[in-house]
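The values are calculated or read from the model by the stated rules, or taken from the named source; none is laboratory data. Being a predicted model, the structure only gives us computed values, none of them experimental. Virtual Cβ from ideal backbone geometry, glycine too; neighbours counted across all protein chains shown. These area figures cover heavy atoms from the full protein model, side chains too; ligands, DNA and RNA do not enter into them. Shrake-Rupley method; radii C 1.70, N 1.55, O 1.52, S 1.80 Å.
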Amino acid sequence: MDSNLNSMIKFNVAYIKLLTKIEGPFNRCCIWFQGCNINCKGCGNPDLQALKPNHIVTEDELLNIVLIAKDKYKIEGITLTGGEPSLQVGLKHFNSRIHELGLGIIMFSGKTKDSLDEELVNSVDLLIDGPFLENQIDRDRILLGSKNKKLHFITDRYTKEEDYFNLSISREEVVAEDYIFINGD
Ligand code: SF4
């Protein structure tokens with residue numbers, strides 16, 4: 001894809017943390033996308049469900065934000081969540097550019113792996129899939145929400161990090177978290 005097309009790919013972003021340790025193992029930059037059409041009862045991010053423009057950013061702009069996090073916080077990778085990341089057209093290409101930077105990718109999706117575009121699935125390192133089911137609250141694992149959600153290690157990048165999701169590991173020591181808000185059109 002040429003650079004002109006890169007600047008035409010746009011994403012609907014709600015907010016971004018430049019540094020977090022609670023959205024997956026290691027230092028991460030986390031991107032919350034706006035919009036989800038799954039409507040889980042008890043959704044933890046109801047404000048991100050609306051399918052409306054929030055901060056509209058180009059692929060290059062989003063990549064530059066990740067680069068700031070990489071330079072400033074030495075992030076190991078990014079986490080994609082929302083909202084429903086798979087609604088973002090162009091995410092596969094963005095992910096390929098993230099991998100070119102040597103960064104890892106964890107993606108949450110309310111859809112199951114089998115219902116997602118295969119190329120999108122293969123563009124991440126770890127997929128955490130499935131809707132949030134209020135009647136299956138998971139009290140043994142962090143971040144995942146409900147017991148139906150599965151960790152799919154698409155590459156071996158995070159296979160040794162499965163313990164991160166065990167609740168027995170405290171996250172209280174988490175310190176710096178740096179948010180960035182984007183003025184988009
Ligand atoms: S998939 Fe996630 S963002 Fe979408 S409704 Fe379910 S819990 Fe909320």
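Rolling a 1.4 angstrom probe over the chain with all protein chains present gives an accessible area of which 50% lies on carbon and sulfur atoms. Over the stretch 1-97, Cα pairs under 8 Å with separation of 6+ residues give a relative contact order of 38 percent. List every residue whose amide H lies under 5 Å from the amide H of Ile105, counting only residues 5 or more places away in sequence or on a different chain, with H placed 1.01 Å from N in the peptide plane. Hits under the 5 Å cutoff: Ile78, Asp125, Leu126.
Here Ser115 and Glu162 are evaluated by their C-beta separation; at R0 = 22 Å the FRET efficiency comes out at 0.40. Relative to the Cα centre, the charge distribution of the stretch 3-174, modelled as +1 at Lys and Arg Cβ and -1 at Asp and Glu Cβ, gives a dipole magnitude of about 260 debye.
Straight-distance candidates among the lysines for linking to Lys150, with alpha-carbon spacing under 26 Å and chain neighbours fewer than 8 residues away dropped: Lys17, Lys21, Lys41, Lys92, Lys111, Lys113, Lys160.
Scoring 99-106, 79-86, 134-141 by mean Cβ neighbours within 10 Å over their residues and listing the highest first yields 79-86, 99-106, 134-141. Note on the chain: GNM, Cα springs under 10 Å; of Lys52, Lys149, Lys17, the largest mean-square fluctuation is that of Lys52.
Quick check: from the Cα gyration tensor, does the chain come out rounded (a/c under 1.5), prolate or oblate? Display every interim value, and only then the final one.
On the way: a/c = 1.43, a/b = 1.23, b/c = 1.16.
In terms of gyration-tensor shape, rounded.
With all protein chains kept in place, the per residue accessible area of the stretch 3-174 amounts to 48 square angstrom at a probe of 1.4 angstrom.
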